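**Student:** Quick one: the structure is below, questions incoming.
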Amino acid sequence: MELKQKIETRRARIAVIGLGYVGLPLAVEFARAGFEVLGIDLDQKKVANINKGKNYIIDVNDKHLKDVVSHGKLKATTDYGVLKKCDAVHICVPTPFTATKDPDISYIINSAQGIAKHLHKGMLVILKSTTYPETTTKVVKPILEKTGLVAGKDFYLAFSPERIDPGNQKFTTATTPTVVGGYTPACGQMAKLMYNQIIEKIVMVSSPSTAEMTKLLENIFRSVNIALVNELACLCERMDRVDMWEVVDAAATKPYGFMPFYPGPGLGGHCIPIDPYYLAWKAKEYDFHTDFIELAAETNENMPYHVVNKVIAALSDKGMAASRSKVLVLGVAFKRDIDDVRSSPAIKIIELLAPKVKSLIYNDPFVPELETGWKKMRSTKLTQQLIKSVDCILITTDHTCYDFNMIVKNAKLVVDTRNATKKIKSGKVVKIGRK
Ligand SMILES: NC(=O)c1ccc[n+]([C@@H]2O[C@H](COP(=O)([O-])OP(=O)(O)OC[C@H]3O[C@@H](n4cnc5c(N)ncnc54)[C@H](O)[C@@H]3O)[C@@H](O)[C@H]2O)c1
């Protein structure tokens, strides 16, 4: 049976490589749509959990995972050998950077080499990991073509970036449009057909590199705009009676031509702090310097340092020396209501602040344990007594479960990096973005 027909009748066997924040939701959606899905991950713990129907990704519904596993629609394995009997494969592996902020695409290369061993005629290969333009055509394609099979002729090849926003209740896999760039028009059409089984709107672009660049533009757009408000927030802190949060909210009432971005303690997650560097690195190959990217990174990476200085100054204003103060860091996930701490600014802040204060603890209901460069930490239970016992509470993540009224009422001093205390009038609160 042709691949097209197999997809249309949902008889295509689908593999998903990398069962993390991107791969597992995708695998579950295809399985729920009736496809037989084989998830491949090198992490044996994740594989074992999935096969037991145990969920570990906040965006995946526990019951959905249990259902597809118990009906035999989703199975996980560490063995790339299952690709022999698969018709399509989605690559969802990490794309971090090195210590010097160069792209590390070794995970993509390893996955492509794993696929190459089992590549067969008519197979559809889609790269989803965020990466620099030309990865699909100049890195993945040559690895796959070493088999003697030719992209666009013997197998289908495409890039389709992932837009998942962990914790976002409004936009699901089905309702978030997906961009697809095929190596040939036929490759693009096959990838489109595949995603149309679970996603309502597919946006076709003319090449994989265009799709790769599209994803980078989306994330660089965020990074640059966040840097802009962070810079202005630092300016507002020197001025009298200008509150950057109020400024953004007021500007956001303009019905066109403005999109609100808010200041914060720095960038976090696996995307915004990393992806821009992928393009900055690639641009150099073309004797091109992406100044906006560098400038935005500089401003955003300075924010954790700025927050630490703010805490020390706020303590000093209350007559307390940092070296004799106890600090409680509230929220360490990189954003509200999720458990992801990758590149979280709270970690950087803890590492910078801990040596300067008498004691430092954290609370995060989503993150019971935290690995930092200072030490491995455990979340401390948040009680009125604890709040009263510390000299400063630093709000780094504004989880909706926090009762900020209670927190401010019982605290001696609050440094708020998220405007979590927006509705609370209190002389105890110091915010970034205002004097
Ligand atoms: N997390 C997000 O919100 C998000 C959003 C959009 C795009 N992305 C991009 O998607 C990609 C994946 O991100 P993620 O957040 O899902 O990462 P993740 O770390 O949550 O998951 C990746 C998984 O891949 C597995 N893995 C690593 N190497 C492997 C290999 N060779 N074979 C099989 N499995 C392997 C890891 O064990 C891990 O389980 C990245 O490129 C990221 O930039 C992430």
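**Student:** Looking only at residues in segment 135-150 that are touching a residue at least 24 places away in the same chain (Cβ under 8 Å) and among the charged types (D, E, K, R), which one is surrounded by the fewest Cβ atoms within 10 Å (Cβ to Cβ)?
**Tutor:** Lys146
**Student:** Then there is this: Kindly provide the set of residues from segment 172-197 that are surrounded by 20 or more Cβ atoms within 10 Å (Cβ to Cβ) and more than 16 Å from the ligand (Cβ to nearest atom), ordered by number.
**Tutor:** Within segment 172-197, Gly182, Tyr183, Cys187, Gly188, Met190, Ala191, Met194 meet the criteria.
**Student:** Under 7 Å by Cβ, and 6 or more places apart or on different chains, what pairs join a residue from segment 17-32 that is under 14 Å from Thr95 (Cα atoms) and of a type in the set (Val, Ile, Thr) with one that is assigned to a loop (DSSP other than H, G, I, E, B) and near the ligand (Cβ under 9 Å from one of its atoms)?
**Tutor:** Note: pairs meeting the criteria are Ile17/Cys92; Ile17/Val93; Val22/Cys92; Val22/Lys128; Val22/Glu162; Val22/Ile164.
**Student:** Could you grab me the full set of residues in segment 169-183 that are in contact (Cβ under 8 Å) with a residue 12 or more places away in the chain and within 19 Å of the chain's Cα centre (by Cα)? Working first, answer last.
**Tutor:** Looking only at segment 169-183, we keep the residues that are in contact (Cβ under 8 Å) with a residue 12 or more places away in the chain, and these are 173-183.
Matches in segment 169-183: Thr173, Ala174, Thr175, Thr176, Pro177, Thr178, Val179.
**Student:** Could you check segment 12-59 and list, in sequence order, the residues that are more than 10 Å from the ligand (Cβ to nearest atom), assigned to a helix (DSSP H, G or I) and either surrounded by fewer than 24 Cβ atoms within 10 Å (Cβ to Cβ) or of a type outside the set (Phe, Trp, Tyr) (or both)?
**Tutor:** The answer is Ala27, Val28, Glu29, Ala31, Arg32, Ala48, Asn49, Ile50, Asn51.
**Student:** Would you mind stating whether Asp104 is out of contact with any helix residue (DSSP H, G or I) (no Cβ under 7 Å at 6 or more places or on another chain), among the charged types (D, E, K, R) and more than 30 Å from Ala297 (Cβ to Cβ)?
**Tutor:** Values: out of contact with any helix residue (DSSP H, G or I) (no Cβ under 7 Å at 6 or more places or on another chain): yes; among the charged types (D, E, K, R): yes; more than 30 Å from Ala297 (Cβ to Cβ): no.
No.
**Student:** Taking interchain pairs and intrachain pairs at least six residues apart, which have beta carbon atoms under 8 angstrom, with the first residue in segment 244-264 and assigned to a loop (DSSP other than H, G, I, E, B) and the second of a type in the set (Phe, Trp, Tyr) and at pLDDT 95 or above?
**Tutor:** Ala252/Phe258; Tyr262/Trp245; Pro263/Trp245
**Student:** Related question: Quick check on segment 156-171: of everything there that is small (Gly, Ala, Ser) and part of a loop (DSSP other than H, G, I, E, B), which residue is farthest from the ligand (Cβ to nearest atom)? Talk me through it step by step, then tell me what you get.
**Tutor:** Of segment 156-171, the ones small (Gly, Ala, Ser) are 158, 160, 167.
So of that shortlist, the ones also part of a loop (DSSP other than H, G, I, E, B) come out as 160, 167.
On the way: Ser160: 11, Gly167: 9 Å.
Per the criteria, the residue is Ser160.
Residue-wise test of (1) in contact with a helix residue (DSSP H, G or I) (Cβ under 8 Å, 6 or more places away or on another chain); (2) surrounded by fewer than 17 Cβ atoms within 10 Å (Cβ to Cβ); (3) touching a residue at least 40 places away in the same chain (Cβ under 8 Å).
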| site | (1), (2), (3) |
| --- | --- |
| Val327 | yes, no, yes |
| Val332 | yes, no, yes |
| Ser344 | no, no, yes |
| Leu352 | yes, no, yes |
| Tyr362 | yes, no, no |
| Leu386 | no, yes, yes |
| Thr397 | yes, no, yes |
| Val408 | no, no, no |
| Leu413 | yes, no, yes |
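**Student:** Test Asn225 against the stated conditions and say whether it is surrounded by fewer than 18 Cβ atoms within 10 Å (Cβ to Cβ), more than 16 Å from the ligand (Cβ to nearest atom) and either under 18 Å from Lys335 (Cβ atoms) or not assigned by TED's automatic domain parsing to the domain that holds Val311 (or both).
**Tutor:** Yes; evaluated as a whole, the condition is true for this residue.
**Student:** Report yes if Ser206 is of a type in the set (Gly, Ala, Ser) and touching a residue at least 40 places away in the same chain (Cβ under 8 Å), otherwise no.
**Tutor:** So Ser206 fails the test.
**Student:** Which of the helices (runs of 4 or more DSSP H) found entirely inside segment 284-402 contain at least 1 residues meeting this: within 29 Å of Tyr132 (Cα to Cα)?
**Tutor:** Qualifying helices (runs of 4 or more DSSP H): 291-317, 345-353.
**Student:** Going by the conditions given, is Lys141 more than 16 Å from the ligand (Cβ to nearest atom), farther than 18 Å from Leu216 by Cα and out of contact with any Cys (no Cβ under 6 Å at 6 or more places or on another chain)?
**Tutor:** yes
The values are calculated or read from the model by the stated rules, or taken from the named source; none is laboratory data. None of the values given here were measured: they were computed from a predicted structure. Note that we place each Cβ from the backbone using ideal geometry, even for glycine, and neighbour counts take in every protein chain shown.
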